[in-house]
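For reference, the structure is listed below as C-alpha coordinates.
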Amino acid sequence: MSKKLLVLIASTLIWLTACATGGGYNPTVFPFEIETERLSESPVRTVVIPHVNLGSPSRNHLEDVAPRIDARVSSYLKANGYKVLPQREFKQHWNAAVRAFGDPVDPTTGRVNMKTFSQIMQSVRDRFIENGDLDAFVFTDLVELDVPFNGGLKHIGRWDGVARRPSMQGPGTGVSADFDWSMTAAVASIQVTIFDTELKRLFVSRGGLDATDAIDARSSTGRYIRRRSMLENNDYVDEGIALALHPLIEMKDYPGNP
(Lines give C-alpha, C1' and ligand atoms only; values in the text may rest on other atoms or scores of the structure.)
Protein backbone atom coordinates (compact mmCIF):
# COMPACT_ATOMS: atom_id res chain seq x y z
CA MET A 1 0.00 0.00 0.00
CA SER A 2 2.79 2.42 0.92
CA LYS A 3 4.65 1.92 -2.37
CA LYS A 4 1.46 2.33 -4.41
CA LEU A 5 0.56 5.53 -2.56
CA LEU A 6 4.05 6.90 -3.07
CA VAL A 7 3.83 6.28 -6.82
CA LEU A 8 0.34 7.84 -6.99
CA ILE A 9 1.31 11.04 -5.20
CA ALA A 10 4.54 11.38 -7.17
CA SER A 11 2.67 10.92 -10.47
CA THR A 12 0.10 13.51 -9.37
CA LEU A 13 2.83 16.09 -8.77
CA ILE A 14 4.46 15.34 -12.14
CA TRP A 15 1.07 15.67 -13.86
CA LEU A 16 0.40 19.01 -12.18
CA THR A 17 3.75 20.37 -13.31
CA ALA A 18 3.17 19.22 -16.88
CA CYS A 19 -0.23 20.93 -17.00
CA ALA A 20 0.96 24.24 -15.60
CA THR A 21 0.02 26.22 -18.72
CA GLY A 22 -3.64 25.14 -18.80
CA GLY A 23 -5.60 23.61 -21.66
CA GLY A 24 -9.06 22.73 -22.95
CA TYR A 25 -11.47 25.05 -24.81
CA ASN A 26 -10.29 28.16 -22.94
CA PRO A 27 -6.50 28.10 -22.82
CA THR A 28 -6.47 29.90 -19.46
CA VAL A 29 -8.65 27.30 -17.73
CA PHE A 30 -6.82 24.52 -15.93
CA PRO A 31 -7.58 21.06 -17.38
CA PHE A 32 -9.25 19.47 -14.35
CA GLU A 33 -9.41 15.73 -13.81
CA ILE A 34 -12.30 14.12 -11.97
CA GLU A 35 -13.11 10.48 -11.20
CA THR A 36 -16.82 10.78 -11.97
CA GLU A 37 -17.61 7.08 -11.75
CA ARG A 38 -15.88 6.63 -8.41
CA LEU A 39 -17.56 9.74 -7.00
CA SER A 40 -20.92 8.44 -8.18
CA GLU A 41 -20.35 5.11 -6.43
CA SER A 42 -19.00 6.67 -3.24
CA PRO A 43 -20.19 10.29 -2.92
CA VAL A 44 -18.00 12.66 -0.93
CA ARG A 45 -19.90 14.54 1.77
CA THR A 46 -17.57 14.79 4.78
CA VAL A 47 -14.11 16.25 4.22
CA VAL A 48 -11.17 17.77 6.01
CA ILE A 49 -8.80 20.45 4.67
CA PRO A 50 -5.16 19.64 5.54
CA HIS A 51 -3.02 22.53 6.75
CA VAL A 52 -0.10 21.18 4.71
CA ASN A 53 0.50 21.16 0.96
CA LEU A 54 0.33 18.05 -1.14
CA GLY A 55 3.61 19.14 -2.70
CA SER A 56 6.34 21.49 -1.51
CA PRO A 57 5.35 24.19 0.98
CA SER A 58 4.03 27.46 -0.42
CA ARG A 59 6.27 30.53 -0.46
CA ASN A 60 6.45 32.23 2.95
CA HIS A 61 4.35 35.21 1.88
CA LEU A 62 1.61 32.82 0.71
CA GLU A 63 1.78 30.61 3.79
CA ASP A 64 0.83 33.65 5.85
CA VAL A 65 -2.53 33.97 4.07
CA ALA A 66 -3.21 30.22 3.71
CA PRO A 67 -5.42 29.94 6.84
CA ARG A 68 -7.70 32.70 5.54
CA ILE A 69 -7.94 31.06 2.11
CA ASP A 70 -8.68 27.68 3.71
CA ALA A 71 -11.46 29.30 5.74
CA ARG A 72 -13.09 30.57 2.54
CA VAL A 73 -12.73 27.13 0.91
CA SER A 74 -14.43 25.65 3.97
CA SER A 75 -17.29 28.15 3.75
CA TYR A 76 -17.75 27.44 0.04
CA LEU A 77 -17.87 23.69 0.63
CA LYS A 78 -20.34 24.07 3.50
CA ALA A 79 -22.55 26.35 1.40
CA ASN A 80 -22.72 23.57 -1.18
CA GLY A 81 -23.76 20.82 1.20
CA TYR A 82 -20.45 19.42 2.43
CA LYS A 83 -19.55 18.76 6.04
CA VAL A 84 -16.09 20.10 6.80
CA LEU A 85 -14.32 18.70 9.85
CA PRO A 86 -12.20 21.07 11.96
CA GLN A 87 -8.69 21.47 10.61
CA ARG A 88 -7.31 21.13 14.13
CA GLU A 89 -8.20 17.42 14.03
CA PHE A 90 -5.97 16.95 11.01
CA LYS A 91 -3.18 18.94 12.68
CA GLN A 92 -3.34 16.76 15.80
CA HIS A 93 -3.11 13.52 13.82
CA TRP A 94 -0.45 14.97 11.50
CA ASN A 95 1.77 16.15 14.36
CA ALA A 96 1.52 12.76 16.07
CA ALA A 97 2.53 11.02 12.84
CA VAL A 98 5.43 13.44 12.29
CA ARG A 99 6.77 12.51 15.72
CA ALA A 100 6.62 8.86 14.67
CA PHE A 101 7.97 9.10 11.11
CA GLY A 102 9.79 12.43 10.93
CA ASP A 103 9.09 15.67 9.07
CA PRO A 104 8.63 14.97 5.34
CA VAL A 105 9.84 18.45 4.36
CA ASP A 106 13.55 19.22 4.23
CA PRO A 107 13.78 22.67 5.88
CA THR A 108 16.86 23.55 3.84
CA THR A 109 15.61 22.73 0.35
CA GLY A 110 11.84 22.62 0.85
CA ARG A 111 11.74 19.25 -0.90
CA VAL A 112 9.25 16.63 0.22
CA ASN A 113 10.27 13.07 1.10
CA MET A 114 7.32 11.30 -0.51
CA LYS A 115 7.93 8.02 1.34
CA THR A 116 7.63 9.79 4.69
CA PHE A 117 4.67 11.83 3.44
CA SER A 118 2.96 8.58 2.42
CA GLN A 119 3.53 7.01 5.84
CA ILE A 120 2.18 10.09 7.62
CA MET A 121 -0.94 10.30 5.44
CA GLN A 122 -1.72 6.62 6.02
CA SER A 123 -1.42 7.16 9.76
CA VAL A 124 -3.61 10.27 9.63
CA ARG A 125 -6.18 8.41 7.54
CA ASP A 126 -6.27 5.54 10.03
CA ARG A 127 -6.89 7.90 12.95
CA PHE A 128 -9.79 9.58 11.14
CA ILE A 129 -11.36 6.23 10.27
CA GLU A 130 -11.08 5.11 13.89
CA ASN A 131 -12.65 8.26 15.26
CA GLY A 132 -15.57 8.73 12.88
CA ASP A 133 -16.76 9.45 9.36
CA LEU A 134 -14.52 10.94 6.70
CA ASP A 135 -14.86 10.71 2.94
CA ALA A 136 -11.96 12.74 1.60
CA PHE A 137 -8.96 14.99 2.14
CA VAL A 138 -9.13 18.34 0.30
CA PHE A 139 -5.60 19.70 -0.23
CA THR A 140 -5.48 23.42 -1.02
CA ASP A 141 -2.00 24.38 -2.20
CA LEU A 142 -1.24 28.03 -2.91
CA VAL A 143 1.14 28.15 -5.87
CA GLU A 144 2.91 30.95 -7.70
CA LEU A 145 3.27 31.30 -11.46
CA ASP A 146 4.80 33.94 -13.74
CA VAL A 147 2.64 35.66 -16.36
CA PRO A 148 2.90 38.87 -18.41
CA PHE A 149 0.25 41.59 -18.15
CA ASN A 150 0.35 42.29 -21.86
CA GLY A 151 -3.19 41.56 -22.99
CA GLY A 152 -4.67 44.49 -24.90
CA LEU A 153 -4.69 48.18 -24.03
CA LYS A 154 -5.83 47.48 -20.45
CA HIS A 155 -2.84 45.21 -19.87
CA ILE A 156 -4.65 42.09 -18.76
CA GLY A 157 -2.92 39.04 -17.34
CA ARG A 158 -4.69 35.71 -17.82
CA TRP A 159 -4.03 32.43 -16.03
CA ASP A 160 -6.00 29.50 -14.63
CA GLY A 161 -9.36 30.87 -15.74
CA VAL A 162 -9.06 34.46 -14.51
CA ALA A 163 -8.23 37.84 -16.05
CA ARG A 164 -6.62 40.46 -13.82
CA ARG A 165 -5.10 43.90 -14.21
CA PRO A 166 -1.85 44.78 -12.43
CA SER A 167 -1.86 47.03 -9.39
CA MET A 168 0.64 49.76 -8.49
CA GLN A 169 2.57 50.14 -5.28
CA GLY A 170 4.31 53.28 -4.08
CA PRO A 171 3.87 57.06 -4.25
CA GLY A 172 4.02 57.40 -8.04
CA THR A 173 1.02 58.33 -10.16
CA GLY A 174 1.50 56.37 -13.37
CA VAL A 175 3.41 53.80 -15.35
CA SER A 176 6.49 54.79 -17.33
CA ALA A 177 5.84 55.12 -21.07
CA ASP A 178 8.64 52.68 -21.79
CA PHE A 179 7.47 50.09 -19.26
CA ASP A 180 8.19 46.62 -20.63
CA TRP A 181 4.82 44.87 -20.55
CA SER A 182 6.39 41.64 -21.77
CA MET A 183 8.04 41.22 -18.35
CA THR A 184 6.44 38.50 -16.27
CA ALA A 185 5.01 39.12 -12.81
CA ALA A 186 4.33 36.65 -10.00
CA VAL A 187 0.71 35.59 -9.64
CA ALA A 188 -1.01 33.12 -7.32
CA SER A 189 -3.44 30.26 -7.86
CA ILE A 190 -5.15 27.79 -5.58
CA GLN A 191 -4.63 24.16 -6.50
CA VAL A 192 -7.18 21.70 -5.13
CA THR A 193 -6.43 17.98 -5.00
CA ILE A 194 -8.86 15.57 -3.38
CA PHE A 195 -8.04 12.07 -2.14
CA ASP A 196 -10.53 9.56 -0.73
CA THR A 197 -9.84 7.51 2.41
CA GLU A 198 -8.16 4.84 0.32
CA LEU A 199 -5.79 7.67 -0.65
CA LYS A 200 -6.79 7.48 -4.29
CA ARG A 201 -7.03 10.75 -6.17
CA LEU A 202 -10.59 11.78 -7.00
CA PHE A 203 -10.14 15.27 -8.33
CA VAL A 204 -7.54 17.88 -9.21
CA SER A 205 -7.82 21.39 -10.61
CA ARG A 206 -6.63 24.94 -10.12
CA GLY A 207 -8.07 28.45 -10.11
CA GLY A 208 -6.34 31.81 -10.45
CA LEU A 209 -6.43 34.24 -7.53
CA ASP A 210 -4.50 37.49 -8.00
CA ALA A 211 -1.06 38.92 -8.66
CA THR A 212 1.47 38.79 -5.85
CA ASP A 213 3.63 41.37 -7.63
CA ALA A 214 2.76 45.00 -8.29
CA ILE A 215 4.22 47.70 -10.52
CA ASP A 216 6.78 49.72 -8.56
CA ALA A 217 5.53 53.28 -8.91
CA ARG A 218 8.87 54.61 -7.61
CA SER A 219 10.87 53.11 -10.47
CA SER A 220 11.63 55.42 -13.39
CA THR A 221 12.41 52.51 -15.72
CA GLY A 222 9.59 50.28 -14.57
CA ARG A 223 9.72 47.00 -12.68
CA TYR A 224 7.61 44.67 -10.55
CA ILE A 225 7.99 44.29 -6.78
CA ARG A 226 6.25 42.02 -4.28
CA ARG A 227 2.97 43.37 -2.98
CA ARG A 228 2.85 44.33 0.68
CA SER A 229 -0.62 42.85 1.10
CA MET A 230 -1.46 39.47 -0.41
CA LEU A 231 -4.76 38.18 -1.77
CA GLU A 232 -6.94 40.68 0.07
CA ASN A 233 -9.67 40.86 -2.58
CA ASN A 234 -12.23 38.30 -1.39
CA ASP A 235 -14.12 38.42 -4.68
CA TYR A 236 -10.97 37.36 -6.51
CA VAL A 237 -10.28 34.64 -3.93
CA ASP A 238 -13.82 33.31 -4.15
CA GLU A 239 -13.64 33.23 -7.95
CA GLY A 240 -10.43 31.24 -7.80
CA ILE A 241 -11.93 28.78 -5.32
CA ALA A 242 -14.99 28.29 -7.51
CA LEU A 243 -12.76 27.65 -10.53
CA ALA A 244 -10.59 25.21 -8.60
CA LEU A 245 -13.58 23.15 -7.43
CA HIS A 246 -15.43 23.03 -10.76
CA PRO A 247 -17.02 20.70 -11.85
CA LEU A 248 -17.10 18.93 -8.47
CA ILE A 249 -19.20 21.94 -7.54
CA GLU A 250 -20.64 23.49 -10.70
CA MET A 251 -19.47 27.08 -11.13
CA LYS A 252 -21.94 29.55 -12.56
CA ASP A 253 -20.62 31.11 -15.77
CA TYR A 254 -17.64 28.76 -15.85
CA PRO A 255 -15.20 30.39 -18.31
CA GLY A 256 -14.16 27.11 -19.89
CA ASN A 257 -17.56 26.63 -21.54
CA PRO A 258 -17.80 27.58 -25.24
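Shown in residue order for the stretch 49-63 are the 3J(HN,Hα) couplings computed by the Karplus curve 6.51 cos²θ - 1.76 cosθ + 1.60 at θ = phi - 60°: 9, x, 8, 10, 7, 6, x, 5, x, 5, 4, 3, 5, 8, 4 Hz (x for Gly and Pro). Within the set (1) 1.12; (2) 1.82; (3) 1.06, the number that Cα Rg over 2.2 N^0.38 Å takes when calculated for this structure is listed as (3).
Which shape class, rounded, prolate or oblate, goes with the stretch 90-154 when its Cα gyration tensor gives a ≥ b ≥ c as root eigenvalues, a/c under 1.5 marks rounded, and past that a/b bigger than b/c marks prolate? Oblate. The GluC sites (Glu not before Pro) of the stretch 184-244 that DSSP puts in a loop, and whose beta carbon has at most 15 other beta carbons within 10 Å, are 198, 232. Springs join every pair of Cα atoms under 10 Å in this Gaussian network model of the chain, and among 123, 220, 74 the largest mean-square fluctuation is at 220. Using a Förster distance of 22 Å, how high is the FRET efficiency between residue 37 and residue 253, based on the Cβ-Cβ distance and rounded to 0.05? It comes to 0.25. The 3J(HN,Hα) values that the Karplus relation (6.51, -1.76, 1.60; θ = phi - 60°) gives for the stretch 214-220 are, in residue order, 9, 6, 6, 5, 8, 7, 6 Hz. Gly and Pro appear as x. Taking amide H as placed 1.01 Å from N in the peptide plane, the amide H of residue 149 sits under 5 Å from that of 185, each at least 5 places away or on another chain. Considering only 188, 171, 234, the residue lying farthest towards the positive end of the dipole of the stretch 166-258 is 171, judged by Cα position with unit charges set on Cβ.
If I require 18 Å or longer along the helix axis, counting alpha carbons, and a Kyte-Doolittle average no lower than 0.5, what helices from the chain are left? Use full DSSP H segments. Helix filter hits for the chain: 2-18. Within the accessible area of the chain, the carbon and sulfur atoms contribute 48%, probe 1.4 Å, all protein chains present.
A straight line joining the Cα centroids of the stretch 39-113 and the stretch 121-157 runs 8 Å.
When each of the peptides 27-40, 99-112, 50-63, 143-156 is scored by the mean number of other C-beta atoms lying within 10 Å of its residues, the order from highest to lowest reads 50-63, 27-40, 143-156, 99-112. Taking amide H as placed 1.01 Å from N in the peptide plane, residue 168 has its amide H under 5 Å from the amide H of 215, each at least 5 places away in sequence or on another chain.
Here the dipole of the chain is about 360 debye; that uses its Cα centre as origin and unit charges on the Cβ of Lys and Arg (positive) and Asp and Glu (negative). Less than 5 angstrom separates the built amide H of residue 202 from those of 194, 195, 196, all sequence-distant by 5 or more or on a different chain. The Cα atoms of the stretch 72-197 cover 63, 40, 25 Å along the three principal axes, with the biggest extent listed first. In sequence order, the stretch 144-160 has phi-based couplings of 10, 10, 10, 9, x, 9, 10, x, x, 5, 8, 6, 9, x, 10, 6, 6 Hz under the Karplus curve 6.51 cos²θ - 1.76 cosθ + 1.60, θ = phi - 60°, and Gly or Pro positions carry x. Across the chain, how many lysine pairs, 8 or more apart or on two chains, come within less than 14 Å at their alpha-carbon atoms? Final tally of qualifying lysine pairs is 4.
Among the trypsin sites (Lys or Arg not before Pro) in the stretch 161-206, those located in a DSSP loop and surrounded by at most 15 other Cβ atoms within 10 Å of their own Cβ are 200.
The values are calculated or read from the model by the stated rules, or taken from the named source; none is laboratory data. If you're wondering where the values come from, they're calculated on a predicted model, not measured in any experiment. In this analysis, Cβ positions are derived from the backbone assuming ideal geometry, glycine residues included, and neighbour counts consider all displayed protein chains. In case anyone asks, the SASA skips ligands and DNA or RNA and just uses the protein heavy atoms, side chains included. Shrake-Rupley method; radii C 1.70, N 1.55, O 1.52, S 1.80 Å.
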